[in-house]
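Each remark here refers to the structure printed beneath this line.
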Amino acid sequence: MDNSVSSQNSLVSVRNLSFSRGDKKIFDGISLDIERGKITAIMGPSGTGKTTLLKLIGGQLYPEQGSITVDGQNVHQLRRTDLYNLRKRMGMLFQSGALLTDMSVYDNVAFPLREHTHLPESMIRTLVLMKLQAVGLRGARNLMPNELSGGMARRIALARAIALDPMMILYDEPFTGQDPISMGVLVHLIKAFNNILGLTSIIVSHDVHDTSAIADYIYVLSGGKIAGQGTPKEIQQSESEWVQQFMTGAADGPVHFHYPAKDYVDDLLSSGKRY
Amino acid sequence: MIQFLQYLGKSTRTSFTKLGRGTYFLLQIISGILSVLPRPRLLLNQMYSVGVLSFLIITISGLFVGMVLGLQGYYTLSDFGAEESLGVMVAASLVRELGPVVTALLFAGRAGSALTAEIGLMKATEQLSGMEMMAVDPIKRIISPRFLAGFLSMPLLAALFSAVGIIGGQMVGSGLLGVDEGAYWSQMQNNLDFQDDIINGVIKSIVFGFVASWIALFEGYDAIPTSEGVSRATTRTVVNSAFSILGLDFILTTLMFGDD
């Protein structure tokens, strides 16, 4: 890929990013670019820090080293008010939906509008109904979050994420634990919102099939590094054994099936002392 | 020995770090209070769930404590032929000590534990994090209104506790045991001092309200976001609040009534 072209048109650029949790190094000097108006997927097995990357982009965590620039602003050097202003232009869809449980669906979608604008209630109503219509859940406006299925909760959270018409949406594992129909609905919505609203989308996922169906560009993370990157087609044809194993879901390969252990026969024949 | 010292060092450091985080959190809460004032609705909702919903437990407990005080006081005072002073005894015990202290302990058990569990679960379900990503400061929107509600509710609840307790003492003293009703009330009026007794009691309950709300909210906010973490935090709220309330009560009593 041509790095220089993409960095000119990139909305988010991550440069030389390092981050650790305790002794574990989550990112070890990674750099990547998220292009404007495109759907970029960040993939990798569980525990590779995909969600952590979203939190770093949103300024909820601080990197040890390196920088993250969103729309020309260095996220971690912004003052609090500027960071909050930047966040108003980002939507984030959490894995759990993160709906406020003491409010109805309607009030949840109205929440960012009420907090950040001084619009009259009649206009807020119109906006909320439009957003709910877009995710197909206008009829569910009076339900409480505990009455929603997982897929519905995620759609409501999506309606809330687009309430302030952001420039970018960060999706944290949007497809995890969804039935085929909800999955299809979410795939459709992510694609449609990206194209119709002119958003930039970042999807963090380990769902190879559905994510590569809608992504324009994919980064595959492993062990704190970028193991592979390219369009879905390029990734499918990647020569890296690791990427191949991840994409095809082979049980054994560079990522071993067995957790490191001593020799099997020795282990069975040993005295049975606990280690 | 070395291990013991290491353990001691580690736990001291952990406690001090936590104290530091708690203090920083308190400063954030206080600076967030200004943004609650233009939105009285947020405060009223919390006053309802923290204060009004504690109404029943406070009233019933106050009544029983007052009745027991009436009984016990009568038995002791009648030995000296001083049962006419029952009113003063009941009222002074309630207004100076039992009102603020028992109310604060009940508050920590009823409202404090609920606050910790609520905030802890909001953290565990990413609601606080989600709010931050929507550019809404959870301290200003969620924590400060709850703090202010707890802080304002406590003196009101303590006053209610004492008032109901005094009526309970009167019910037992005059109703059952035959203490003269006029003496019960007039002795109370003559001997209770507004400044020394009532104001000092109110100051106590304000301090307890401040501390109990702070502990409850901090434990919730600082909880490990799992079900076990939230359950431990809830327990810590009740235990730490009880210790702080009783410890502070001793200190405050020494300061207030020390030179009598």
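Note down the relative contact order for chain A as a percent, whole number, built from C-alpha pairs under 8 angstrom at least six residues apart. It would help to have the intermediate numbers written out before the result.
Numbers: 453 pairs, mean separation 63.8, N = 275.
Reported as a whole number, the value is 23 percent.
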Label model pair A:Tyr259, A:Asn16: point-to-point distance (7 angstrom along the Cα→beta-carbon line) in nm is 3.7
For chain B, longest principal axis from Cα atoms; helix B:200-222 axis from its Cα atoms; angle between them, nearest 10 degrees, is 30
Long-range amide H partners of A:Gly29 with built H, under 5 Å: A:Leu17, A:Ser18, A:Phe19
Give the lysines whose C-alpha is closer than 27 Å to that of A:Lys88, dropping any in the same chain fewer than 8 places away, or say none. A:Lys38, A:Lys50, A:Lys55, A:Lys131, A:Lys191, B:Lys123, B:Lys140
Can you check how the C-alpha radius of gyration of the stretch A:109-262 compares to 2.2 N^0.38 Å, as a plain ratio? 1.28
Per principal axis, largest first, the Cα atoms of the stretch A:1-135 extend in Å by 49, 34, 30
So, for the Cα atoms of the protein assembly as shown, Rg and Dmax in Å stand at 30.2, 101
Note, ³J(HN,Hα) from phi for the stretch B:89-96, Karplus 6.51, -1.76, 1.60, rounded to Hz, x at Gly and Pro: 4, 4, 5, 5, 4, 6, 5, 7
Would you please give the FRET efficiency between B:Thr253 and B:Lys18, computed as 1/(1 + (r/R0)^6) with r the Cβ-Cβ distance and R0 = 30 Å, to the nearest 0.05? 0.65
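In debye to the nearest 20, how big a dipole does the protein assembly as shown give about its Cα centre with +1 on each Lys and Arg Cβ and -1 on each Asp and Glu Cβ?
1400
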Taking a cut-off of 18 Å between Cα atoms, list the aspartates and glutamates near A:Lys25, but don't count ones fewer than 8 places away on the same chain. A:Glu64
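What percentage of all Cα-Cα pairs in the stretch A:17-76 are separated by more than 15 Å? Please report the intermediate quantities before stating the final value.
Numbers: 901 of 1770 pairs.
Within the stretch A:17-76, distances greater than 15 Å cover 51 percent of Cα pairs.
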Just want to confirm a number: the relative contact order over chain B, from Cα pairs under 8 angstrom separated by 6+ residues, in percent. 32
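Evaluate the Kirkwood expression for the hydrodynamic radius of the stretch B:14-85, namely the inverse of the mean inverse distance over all pairs of different C-alpha atoms, and round to one decimal in Å.
On the way: mean 1/r = 0.0597 Å⁻¹.
Radius from the Kirkwood sum: 16.8 Å.
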Expressed to one decimal in nm², the mean projection of the alpha carbon convex hull of chain A is 18.2
Excluding residues fewer than 8 positions from A:Lys233 in its own chain, the aspartates and glutamates with Cα under 15 Å of it are A:Asp210, A:Asp216
Log10 I(q)/I(0) at q = 0.17 Å⁻¹ for the stretch B:62-144, from Debye over equal alpha-carbon scatterers, is -0.75
Which Cα, out of B:Val230, B:Met256, B:Ser241, lies furthest along the positive dipole direction of the stretch B:200-260 (beta carbon charges, K/R +1, D/E -1)? B:Val230
Ranked packing of B:109-117, B:3-11, A:154-162, A:34-42, most packed first, by mean Cβ within 10 Å: A:154-162, B:109-117, A:34-42, B:3-11
Which residue, chosen from B:Ala212, A:Gly151, A:Asn9, occupies the Cα position most advanced towards the positive end of the dipole of the protein assembly as shown, where the dipole is computed from +1 (Lys, Arg) and -1 (Asp, Glu) charges on Cβ about the Cα centre? A:Asn9
So how compact is the stretch B:1-141: Cα radius of gyration and Dmax in angstrom? 22.7, 70
Give me the dipole magnitude in Debye, nearest 20, for the stretch B:110-150 about the Cα centre, with unit charges on the beta carbon: positive for Lys and Arg, negative for Asp and Glu. 180
Just need log10 I(q)/I(0) for chain B at q = 0.10, 0.13, 0.15 Å⁻¹, Debye formula, equal scatterers on the alpha-carbon atoms, no solvent, rounded to two decimals. -0.58, -0.86, -1.03
In nanometres, the difference between 0.36 nm per residue of separation and the alpha-carbon distance of A:Ala192 and A:Glu121 is 22.7 nm
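Read-outs throughout are calculated quantities, based only on the coordinates presented, and are distinct from any laboratory measurement. Everything numeric here is computed off the predicted structure, so don't read it as measured data. Neighbour counts run over all protein chains shown; Cβ positions are idealised from the backbone, glycine included.
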